[in-house]
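Reviewing the structure listed below.
The values are calculated or read from the model by the stated rules, or taken from the named source; none is laboratory data. Note that the structure is a prediction, hence the values are computed from the model and not measured. Every residue, glycine as well, gets a Cβ built from its backbone with ideal geometry; the counts of neighbours run over all protein chains shown.
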Amino acid sequence: MNRVKNQRCYLAGAMDRVIDRGKGWRQEITPFLESLGIVVFNPITKPTEVGLEDHDTHLVKTKLKQKKRYEELSSMMKVIRSVDLRLVDISDFLIVNLDLDIHPCGTYKEIFWANRQKKPIIIHMVQGKEHTPDWLFGTVPHQMIYSDWNDIYGYLEHINSSENINTYNRWYFFNI
């Protein structure tokens, strides 16, 4: 069936206060997604020349904060925010890595932005589904919240190839 081929997926998750800048889980899941023919939008390696969030950008942001150059930081972050939200706009679905030990300011915005568009939002809860913030249970179908990455892989394979799927009024596939 290959329903997810050419679908675009945005990988949302904290970057600011994460030791590896959020690279690890994104690098691990990308080959699997690409094997299904999914186009991956990774905010670390954006398909653009503006709003980048690479290692050098992080160093610049850190120095701007240290020097209290908040006007420059604000200008920089407005571009990053706009590019990230535009990537959410053009994505067909999101995969979110949510760790309650790390403040995910932008991630919550991306979740709620995608929710307004009724996109499928698949959440990996690092601490387990039972620790998902209550508000998210009113936002995302609970069937799309997972404690284990392998369950997310299985879910995507199910969506991709099973005859009968429950779309949770989120998944829509077009014959174009």
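In region 17-31, what residues are without any contact (Cβ under 8 Å) to a residue 60 or more places away in the chain and not in a helix (DSSP H, G or I)? Answer for region 17-31, where residues must be without any contact (Cβ under 8 Å) to a residue 60 or more places away in the chain and not in a helix (DSSP H, G or I): Ile19, Asp20, Arg21. Residues being more than 17 Å from Ile121 (Cβ to Cβ) and among the aliphatic types (A, V, I, L, M): count how many of those fall in region 159-176. Going through region 159-176 one residue at a time, the tally reaches 1. Only residues that are crowded, with 16+ Cβ neighbours inside 10 Å and part of a loop (DSSP other than H, G, I, E, B) were counted across region 32-44, and they come to 5. If you go through region 94-111 and pick out every residue that is among the hydrophobic types (A, V, I, L, M, F, W, C), crowded, with 16+ Cβ neighbours inside 10 Å and under 21 Å from Gly51 (Cα atoms), you end up with 4. Within region 83-99, the residues that satisfy the criterion of being in a strand (DSSP E or B) and within 9 Å of the chain's Cα centre (by Cα) are Phe93, Leu94, Ile95, Val96, Asn97.
Annotation note: Cβ proximity below 7 Å between a residue of region 78-101 that is farther than 21 Å from Lys5 by Cβ and touching a residue at least 40 places away in the same chain (Cβ under 8 Å) and a residue that is hydroxyl-bearing (Ser, Thr, Tyr) and part of a helix (DSSP H, G or I) (sequence gap 6+ or interchain) occurs for Val96/Thr107; Leu98/Thr107. Would you be able to say whether some residue in region 51-59 is crowded, with 19+ Cβ neighbours inside 10 Å and in a helix (DSSP H, G or I)? Checked against the condition, which is being crowded, with 19+ Cβ neighbours inside 10 Å and in a helix (DSSP H, G or I), region 51-59 yields no hits at all. With respect to Ile123, is the statement that it is within 19 Å of Gln7 (Cα to Cα) and aliphatic (A, V, I, L, M) true? Answer is yes for this residue.
Just to be sure before I move on: is Arg69 over 30 Å from Trp171 (Cβ atoms), loosely packed, with under 15 Cβ neighbours inside 10 Å and touching a Lys or Arg at 6+ places or on another chain (Cβ under 9 Å) in the structure I sent? In short, yes.
Scanning region 138-175 for residues that are of a type in the set (Gly, Ala, Ser) and part of a loop (DSSP other than H, G, I, E, B) yields Gly138, Ser147, Ser162. For first residues located in region 56-68 and closer than 13 Å to Asp16 by Cα, partners that are at pLDDT below 95 and not in a helix (DSSP H, G or I) and lie 6+ apart or on another chain with Cβ distances below 7 Å form the pairs His58/Arg21.
May I ask you to list the residues in region 17-31 that are crowded, with 16+ Cβ neighbours inside 10 Å, closer than 20 Å to Ile80 by Cα and either touching a helix residue (DSSP H, G or I) at 6+ places or on another chain (Cβ under 6 Å) or of a type outside the set (A, V, I, L, M, F, W, C) (or both)?
Of everything in region 17-31, those that are crowded, with 16+ Cβ neighbours inside 10 Å, closer than 20 Å to Ile80 by Cα and either touching a helix residue (DSSP H, G or I) at 6+ places or on another chain (Cβ under 6 Å) or of a type outside the set (A, V, I, L, M, F, W, C) (or both) turn out to be Arg21, Gly22, Arg26.
All conditions in (1) touching an Asp or Glu at 6+ places or on another chain (Cβ under 9 Å); (2) under 26 Å from Glu28 (Cβ atoms) hold for Leu64, with the sole exception of (2). Checking Ile165, Ile176, Ile159 one by one, the residue that is among the hydrophobic types (A, V, I, L, M, F, W, C), surrounded by 15 or more Cβ atoms within 10 Å (Cβ to Cβ), modelled with pLDDT under 95 and more than 14 Å from the chain's Cα centre (by Cα) is Ile165 and no other.
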